[in-house]
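Structure record follows, encoded as structure tokens.
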Amino acid sequence: MIANGQKGFFFLNDANKWSTFFFSNATVDSRGAIGLAKTASGFESAGALMGGPFEVTPAIASWFRFGADADPLPAASHVQFFTFTADAGVPAFAPLTDQPFPGWSPIPRDSFDAIIPDVSGRKLWIGAVLRGDGTATPSIRQIRVEYGRDTYLKYLPAIYRRDASSRDLLERFLSLAQTGLGGVHREIADLPLLFDPYATPAGGYPSWLAWLSGWLAWQMNQAWTEPQARKYIAGAYALYGKRGTVQGLKRYLKIYAGVHAHILEPARMATLWSLGQNSTLGFSTMLAPGEAQGAVLGSTAVLDRTSLPDPNAGFGSVLFSDIAHRFCVLIYCGELTRPGALKDARAVIDREKPAHTVYDLCVIGPEMRVGSQCTVGVDAIVGGAREQHLGKRLGGVLAAKDRECSEEEVV
């Protein structure tokens, strides 16, 4: 056994480099796979390789098993592996000659997953013989070596582990089932990765990333790159907590429409007219759309000027009826160069705004218009002639966007 109960595995192909390996009539191709060497007419009919020594601890190791990752064998092609363990020395390995190579333990031909028969010895060597008909070659991409036995024996009662000889036989017998079920165990162990947006697989059908998106009721966008999709899905739960807010709507507009939007709420800036304090008409105060108490016969009831107040609304609510539950979304025209960006922005607002609100969607051009586009730091943009400022990049888009700025969207 491995000292201090250690166990694990390692790979022999490290970044397409088979360190310590020697080849005879065999070679490593551009993919890092081992195969028969090429000839003028095809491939060699036989080749061999040997690698080692492999060592994991200074103590005597308990080598367990190895598995080879290979392409499907072509017709008339075969592979046979051999293993050798010892504490010192270098074994002789000459399978392509008539000379014997004692001490090596053969693995059944064309077996790519096997128990290492010679478990004693802290050093391990692995050899292989490749054979073909000259028209094709076997291809070995990777070899994995496991050390320190970790078998299903640990799940059996302790009585099965008392005798060393029977324990060895039982471990090898159980490893056959462990080989067949190993993939299932890895899938179970890796199950938490499927719920991690940064680790779940994105390819294939159905895509686990798309499945996770649907599980979160998060709408995917084909324009996103894979890193963007993973990032947005990871932040979906937190963003749901901001739905119906200014911060949430801005984030949705950036994710789905790719624009940085300014959102203004007139009701937040509205104040009552108090003479001597907030009395700058058009800036800190404005004329009310109606009387605070509504239509009063003989006093404030003027045809087409007043209306009956809502009995469920508070006193004075009519003063803010024209700006209540209303907001304006401002988007710079320079951010609407992507086809369909304005349409996507409108769809996002319709989907994410509170149901009781109405909005204006306005496109900000390089100009200033008192009373319409004059908020310093937001939409008051000083520029030259329209053609000079925008050039050919926008063409005639701005005129159409300006018309949309005056269209009120009511849902």
Quiz item: Here is a list of conditions, (1) within 16 Å of Ile143 (Cα to Cα); (2) modelled with pLDDT under 90, and Ile34 meets all of them except one; can you say which number that is?
Solution: (2)
Quiz item: Scanning the range 98-116 for residues that are part of a loop (DSSP other than H, G, I, E, B) and open to solvent by less than 70 Å² (accessible area, probe 1.4 Å), which turns out modelled with the lowest pLDDT?
Solution: Phe101
Exercise. Starting from the range 127-149, keep only residues that are in contact (Cβ under 8 Å) with a residue 60 or more places away in the chain, then list their pairs with residues that are surrounded by fewer than 17 Cβ atoms within 10 Å (Cβ to Cβ) and of a type in the set (Lys, Arg) whose Cβ atoms are within a distance under 6 Å, requiring at least 6 positions of separation or different chains.
Key: Gly148/Lys7
Self-check item: Criterion: open to solvent by 90 Å² or more (accessible area, probe 1.4 Å), hydroxyl-bearing (Ser, Thr, Tyr) and modelled with pLDDT of 65 or more - qualifying residue of Tyr237, Tyr232
Solution: Tyr237
Exercise. May I ask you to list the residues in the range 78-97 that are surrounded by fewer than 21 Cβ atoms within 10 Å (Cβ to Cβ), polar (S, T, N, Q) and at pLDDT 90 or above?
Key: Gln80
Self-check item: Among residues of the range 221-268, those that are touching a helix residue (DSSP H, G or I) at 6+ places or on another chain (Cβ under 6 Å), without any contact (Cβ under 8 Å) to a residue 12 or more places away in the chain and of a type outside the set (D, E, K, R), counted
Solution: 0
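The values are calculated or read from the model by the stated rules, or taken from the named source; none is laboratory data. Treat the numbers as computed from the prediction; the structure is a model and nothing was measured. Note that each Cβ is placed from the backbone with ideal geometry, even for glycine, and that neighbours are counted across all protein chains shown. Note: accessible area is taken over every heavy atom of the protein model, side chains too, but ligands, DNA and RNA are not part of it. Shrake-Rupley method; radii C 1.70, N 1.55, O 1.52, S 1.80 Å.
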